[in-house]
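The values are calculated or read from the model by the stated rules, or taken from the named source; none is laboratory data. Predicted model only: the values in this text are computed from it and were never measured. Here the Cβ positions follow ideal geometry from the backbone for every residue, glycine too, while neighbour counts run over all protein chains shown.
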Amino acid sequence: MSHGFDSIPTAVKSFASGEFVIVLDSPWRENEGDLIISAEDFTPEKAAFMIRFTSGYLCAPMAESRAEELDLPLMVESSQDPLRTAYTVTVDYQGTATGISAANRSRTCRALADPKVGKAEFRRPGHVVPLRARQGGVRTRQGHTEAAVELCRLAGKQPVAVIAELVADSVPVEGKAELEAVDMMQRDDCISFAKRFGLKICTIEDLVAYLDGSAAVTANGDVQSS
């Protein structure tokens, strides 16, 4: 376990209870922390919190099988994204209004995770960005997309999550309708944020190491070795 971070079983147990978990990738990758929650637990209140403290660009990582069920093709055929994030066409759930409010986006995300909801029940384009997780998970690609779906799997949730990048607090520019330019939260900022709100925090590297240790976590958070 990396210094300053929670163990993977501890993070999974919190995730299984419906809480956010902060996940950091490698310093030589993005070196950023994402706020992650299972889509089925994404209430309007959780959505409002995520929008307040992140970039507000809400993405919904999901297993490739679910993306196929919902007929979510890649946004572009030839991606120029340097990290090869698999963005699909954007969606709104049919039951939402404009689709952009915290309540609307939470409803769309919960619908994406609901196996009873089919592809015909989404409008395209929309305000939520589904992401296709790579087959093989974090062992194949050590991205937040794959980490989010791994957490869902380990916690016994539907394989759809919601993620957004944490952003450092900004300061208003006196006398102007502007905020000082700020960066994304990185390691120390994310650890402080986790303590502030009582959230668990882990790294993708630790998740890979944990999975390679041939252990599993049941839906109630208990660890089983295999």
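Do you know which residues across segment 27-68 are among the aliphatic types (A, V, I, L, M), part of a helix (DSSP H, G or I) and either under 18 Å from residue 16 (Cβ atoms) or at pLDDT below 95 (or both)? Show your work before the answer.
The first filter runs over segment 27-68 and keeps only residues among the aliphatic types (A, V, I, L, M), leaving 35-37, 39, 47-48, 50-51, 58, 60, 62-63, 67.
Adding the requirement that they be part of a helix (DSSP H, G or I) leaves 39, 47-48, 50-51, 67.
Hit for segment 27-68 is 39, nothing else.
From the list 37, 51, which one is more than 14 Å from residue 151 (Cβ to Cβ), in contact (Cβ under 8 Å) with a residue 12 or more places away in the chain and either among the charged types (D, E, K, R) or in contact with a Lys or Arg (Cβ under 9 Å, 6 or more places away or on another chain) (or both)?
Criteria check complete, one pass: 51.
Among the candidates 112, 131, 166, 154, which residue alone is under 23 Å from residue 12 (Cα atoms), surrounded by fewer than 22 Cβ atoms within 10 Å (Cβ to Cβ) and in contact (Cβ under 8 Å) with a residue 24 or more places away in the chain?
Details: 112 fails: surrounded by fewer than 22 Cβ atoms within 10 Å (Cβ to Cβ); 131 fails: surrounded by fewer than 22 Cβ atoms within 10 Å (Cβ to Cβ); 154 fails: surrounded by fewer than 22 Cβ atoms within 10 Å (Cβ to Cβ).
Criteria check complete, one pass: 166.
Whether any residue in segment 86-96 is surrounded by 18 or more Cβ atoms within 10 Å (Cβ to Cβ), within 22 Å of residue 65 (Cβ to Cβ) and touching a residue at least 60 places away in the same chain (Cβ under 8 Å) is what I want to check.
no
Here is a yes/no grid of residues against (1) modelled with pLDDT under 95; (2) more than 21 Å from residue 158 (Cα to Cα):
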| position | (1), (2) |
| --- | --- |
| 183 | yes, yes |
| 187 | yes, yes |
| 207 | no, no |
| 223 | yes, no |
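For residues that are modelled with pLDDT under 50 and surrounded by 13 or more Cβ atoms within 10 Å (Cβ to Cβ), scanning just segment 209-221, find the one that is farthest from residue 163 (Cα to Cα).
Only one residue tops the list, namely 215.
Given the criterion within 14 Å of the chain's Cα centre (by Cα), within 25 Å of residue 60 (Cα to Cα) and among the small types (Gly, Ala, Ser), identify the matching residue among 168, 164.
Only one candidate qualifies: 164.
Residue-wise test of (1) in contact with a Phe, Trp or Tyr (Cβ under 9 Å, 6 or more places away or on another chain); (2) more than 19 Å from residue 164 (Cβ to Cβ); (3) not polar (S, T, N, Q).
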| site | (1), (2), (3) |
| --- | --- |
| 32 | no, no, yes |
| 35 | yes, no, yes |
| 43 | no, no, no |
| 70 | yes, yes, yes |
| 80 | no, yes, no |
| 88 | no, no, no |
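Any residue at all in segment 113-127 that is touching a Cys at 6+ places or on another chain (Cβ under 9 Å) and in a loop (DSSP other than H, G, I, E, B)?
No - not one qualifying residue is present in segment 113-127.
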